[in-house]
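For reference, the structure discussed in these notes is given below.
The values are calculated or read from the model by the stated rules, or taken from the named source; none is laboratory data. Bear in mind that the values here come from a model prediction, so they are computed numbers and not experimental data. In this analysis, Cβ positions are derived from the backbone assuming ideal geometry, glycine residues included, and neighbour counts consider all displayed protein chains.
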Amino acid sequence: MISTENLSISYHGRTVLRGVTIDAKPGQVLALVGPSGCGKSSLLTALNQMTEIIPGAGVQGKIAFDGRPINQAFASTAQLRQHVGMIFQKPNPFPMSIRRNIELALREHGERNREILAQITETVLKDVGLWDEVCDRLDHSALELSGGQQQRLCIARALALKPQVVLMDEPCSALDPISAERVEQLIQSMRGDYTVIIVTHNLAQARRLADQVAVFWVQDGVGQVIEQGETEQLFARPETEIARGYLSGQRG
Ligand SMILES: Nc1ncnc2c1ncn2[C@@H]1O[C@H](COP(=O)(O)OP(=O)(O)OP(=O)(O)O)[C@@H](O)[C@H]1O
């Protein structure tokens, strides 16, 4: 669904990630794990072309969506981001009503019909398990919601655009344990319908959620993928000493 080939990322001429080849398959969850600073977030950022707005950042190598280079697969960055949504560590709802948070994204992509807007809003809020909690205060500010509710709203906002891929950068790590569990359950429920690439420092979470895992590590001062494969196989029988130490919690 979305893949990279020999992808490298640099900032101001310093390469921070080198030679990354990954393939997130349709409907699967791919977890990116590894210690701080090995380039996991940089990779996510490159996948929906946000790297382009970072001063001094450069991307080399190939990124493909459904087998086609992303520049050819999408007519514009806006179209790419419709198909490839992004969720950040800190929930970032717009400072406006719960309803407007969902509708604004849809309106930006040309949807004006009020009934359709209301219907999609209800559907996606139900999908993320938020409808019952907010249906009587849709016109209240999204900032009145708890952190966990805000994160589920942000996921609903992304899902409203019917993306095929959702990129998630540590989506649970800023939440309290109960909210984190709800968001994790939500990601679990997205399996099959969406391709998810999730950066997580929580190895137990990666093991619970992911079909595939890629282990990142800094070698010779540059981030690289040192091992990747099916989750259970990778955790049970890592091939490299470094991955074995990291996945067992003894390194990193
Ligand atoms: N905008 C930027 N300008 C310069 N250097 C950057 C920028 N963003 C990231 N870096 C550097 O790139 C390297 C990789 O950072 P990145 O955030 O991608 O790693 P990470 O594995 O996601 O780390 P973490 O798990 O802590 O989020 C780090 O050395 C970081 O300092």
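Hey, can you tell me all the residues within the stretch 189-211 that are part of a strand (DSSP E or B) and buried (at least 21 other Cβ atoms within 10 Å of the Cβ)? The answer is Tyr194, Thr195, Val196, Ile197, Ile198, Val199. Residue count for the stretch 204-221 under the criterion of being of a type outside the set (Gly, Ala, Ser), out of contact with any strand residue (DSSP E or B) (no Cβ under 6 Å at 6 or more places or on another chain) and more than 21 Å from Leu17 (Cα to Cα): the result is 3. Of the candidates Asn101, Asn113, the single residue that is in contact (Cβ under 8 Å) with a residue 12 or more places away in the chain, under 29 Å from Leu186 (Cβ atoms) and more than 16 Å from the ligand (Cβ to nearest atom) is Asn101. Here is a check on your reading of the model: is Gly229 of a type outside the set (A, V, I, L, M) and under 17 Å from Tyr246 (Cβ atoms)? In short, yes. The residue that is farthest from Val196 (Cα to Cα), counting only those in the stretch 87-125 that are in contact with a Pro (Cβ under 9 Å, 6 or more places away or on another chain) and not β-branched (Val, Ile, Thr), is Asn101. Of the numbered criteria (1) in a helix (DSSP H, G or I); (2) within 16 Å of the ligand (Cβ to nearest atom), the one Leu186 fails is (2).
Against the conditions (1) at pLDDT below 95; (2) more than 20 Å from the chain's Cα centre (by Cα), where does Arg100 fall short? Just the number, please. Every listed condition holds for Arg100 apart from (1).
Just one residue in the set Gly252, Gly223, Gly147 is within 14 Å of the ligand (Cβ to nearest atom) and touching a Leu at 6+ places or on another chain (Cβ under 9 Å); that residue is Gly223. Counting only residues that are at positive phi and not acidic (Asp, Glu), the stretch 166-208 holds 1 of them. Of all the criteria given as (1) surrounded by fewer than 15 Cβ atoms within 10 Å (Cβ to Cβ); (2) of a type outside the set (A, V, I, L, M); (3) free of Cβ contacts under 8 Å to residues at least 60 places away in the same chain, the one not satisfied by Thr21 is (3). Listed by position, the strands (runs of 3 or more DSSP E) inside the stretch 12-67 whose residues that are within 7 Å of the ligand (Cβ to nearest atom) number at least 1 are 14-24, 57-65. Among the residues that make up the stretch 97-120, is at least one of them under 22 Å from Ala210 (Cα atoms) and either assigned to a strand (DSSP E or B) or hydroxyl-bearing (Ser, Thr, Tyr) (or both)? Scanning the stretch 97-120, I find no residue that is under 22 Å from Ala210 (Cα atoms) and either assigned to a strand (DSSP E or B) or hydroxyl-bearing (Ser, Thr, Tyr) (or both), so the answer is no. Among the residues making up the stretch 221-249, those that are closer than 24 Å to Asn6 by Cβ, of a type in the set (A, V, I, L, M, F, W, C) and not in a strand (DSSP E or B) are Leu234, Ile242, Ala243. Of the set (1) closer than 30 Å to Gln119 by Cβ; (2) not in a strand (DSSP E or B), all apply to Gly252 but (1).
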